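As structure tokens, the structure follows; a few thoughts come after it.
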Amino acid sequence: METDVQLVARAQGGDRQAFAELVRRYRDLVFRLAVSILGQGFVPEAEDVAQEAFLKAHRSLCSFRSEAEFSSWIYRITFNEAVNLKSRARYRRPHANETALAGRMTSEPGPDEQVETAHRDQALAECIRALPEAYQSALRLYYWLGVGVGEVAELLDVPENTAKSYLHRARSLLLGMMKDKGYSCGGT
Amino acid sequence: MAEPEFNEAEVDGLLRRSMTAPIPTLSPEFDQHLMSEVSLRSQPLGRYQRGLLAGYGILSVVACSVSMHGQGLDWTTIAASILGPLFLVGVAPALRLASRQASP
């Protein structure tokens, strides 16, 4: 199997098949990173971000220095694209929020408990949205998308200990925020 | 009413319980859309566009040179100020790429 360096060199020479192979290698991780930054209500936007990141990479391939890792480079482009889009679309409501809540309401027993859980999850989602971007992304990658700490570190282009620290600090901040909102984390 | 006690493990549990939405996946046509967009965007300029661009470039250089000469600059300085940046923007990256591809 060809290495990224070999594929990048071929793609720089105009070989589209080599670039297509790079896309195949990184599309899922790039999409996960985008969706982890934008949140679960913005899946179509995350796909657009993934596409735009690859198009930007293709456009700037000539200036890419092969001493750097292609993966780090494409993740950095994706992170910036997603954060830019998010800042432009901050006023919008996510697509899936109400649907997700409705699904949860019908699948759990006890109407009071359902309402309480839905409200608590809503409060938690609001608290998560108030965290710094890197913390939000780390939380969604780890808890929602099931990505391991090592891969979280790779996607956010930080050392593994920093990724662990992001998760720890995010949990600590959420603890305080949920407490301020009067929610018990241990209860249902 | 006394505030309930919290700890990080409880937040961990809450996050695990709350973030259970299905994991999204890319649409199956993603590669196809992306590569057709890549082809579209990397198409070389047509004859008409190239002519238009070249004409615009030449006209700009002439207008700029005449204007600078009118301000009292000599032709050597004008040529250096136009060709220097052109070399840096256009030729140097191409040379760098060529040397990188030539090296093993």
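The values are calculated or read from the model by the stated rules, or taken from the named source; none is laboratory data. Just so we're clear, the structure is a prediction, and the values are computed from it rather than from any experiment. Reconstructed Cβ throughout: ideal geometry from the backbone, glycine too, with neighbour counts over all protein chains shown. Note: accessible area is taken over every heavy atom of the protein model, side chains too, but ligands, DNA and RNA are not part of it. Shrake-Rupley method; radii C 1.70, N 1.55, O 1.52, S 1.80 Å.
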Any idea which of (1) loosely packed, with under 14 Cβ neighbours inside 10 Å; (2) at pLDDT 85 or above; (3) not in a loop (DSSP other than H, G, I, E, B) is the one residue A:141 doesn't satisfy? (1)
Pairs, please: C-beta under 8 Å, at least 6 apart or cross-chain, first residue more than 7 Å from chain A (Cβ to nearest Cβ) and in region B:11-25, second open to solvent by 30 Å² or more (accessible area, probe 1.4 Å) and outside any loop (DSSP other than H, G, I, E, B)? B:25/A:28
Show the residue pairs that are 6+ apart or on different chains and have beta-carbon atoms under 7 Å apart, the first residue being within region A:120-143 and under 15 Å from residue A:29 (Cα atoms), the second being open to solvent by less than 20 Å² (accessible area, probe 1.4 Å) and polar (S, T, N, Q). A:137/A:36; A:140/A:36; A:141/A:36
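Could we say that residue B:66 is without any contact (Cβ under 8 Å) to a residue 60 or more places away in the chain and under 30 Å from residue A:28 (Cα atoms) here?
Details: without any contact (Cβ under 8 Å) to a residue 60 or more places away in the chain: yes; under 30 Å from residue A:28 (Cα atoms): no.
No, not satisfied.
Limited to region A:34-85, what total is found for residues that are of a type outside the set (A, V, I, L, M, F, W, C), outside any helix (DSSP H, G or I) and open to solvent by less than 40 Å² (accessible area, probe 1.4 Å)? Outline the logic, then answer.
Going through region A:34-85, the residues of a type outside the set (A, V, I, L, M, F, W, C) turn out to be A:36, A:39-41, A:44-45, A:47-48, A:51-52, A:56, A:58-60, A:63, A:65-67, A:69, A:71-72, A:75-76, A:78, A:80-81, A:84.
Applying the additional criterion that residues be outside any helix (DSSP H, G or I) yields A:39-41, A:60, A:65-67, A:69.
The next check asks that each one be open to solvent by less than 40 Å² (accessible area, probe 1.4 Å); those that pass are A:39, A:41.
Result for region A:34-85: 2.
Can you name every residue in region A:112-148 that is of a type in the set (S, T, N, Q) and at the interface with chain B (Cβ under 10 Å from one of its Cβ atoms)? Show your work before the answer.
Step one: filter region A:112-148 for residues of a type in the set (S, T, N, Q), giving A:114, A:117, A:122, A:136-137.
Those that are of a type in the set (S, T, N, Q) and at the interface with chain B (Cβ under 10 Å from one of its Cβ atoms): A:117, A:122.
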Restricting to region A:16-42, name every residue that is without any contact (Cβ under 8 Å) to a residue 60 or more places away in the chain and in contact with a Ser or Thr (Cβ under 6 Å, 6 or more places away or on another chain). A:30, A:34
Of all residues in region A:131-188, count the ones that are over 12 Å from the mean Cα position of the chain (by Cα) and either of a type in the set (Ser, Thr, Tyr) or closer than 30 Å to residue A:112 by Cβ (or both). 23
For region A:144-188, enumerate the residues that are surrounded by 22 or more Cβ atoms within 10 Å (Cβ to Cβ) and either touching a Gly at 6+ places or on another chain (Cβ under 7 Å) or modelled with pLDDT under 90 (or both). A:185
Being of a type in the set (Ser, Thr, Tyr) and more than 8 Å from every other protein chain (Cβ to nearest Cβ), is that true of even one residue in region A:31-40? yes
Checked pairs for region A:43-66, first more than 7 Å from chain B (Cβ to nearest Cβ), second in a loop (DSSP other than H, G, I, E, B) and of a type in the set (Gly, Ala, Ser), C-beta under 8 Å and 6 or more apart or across chains, list as A:45/A:89
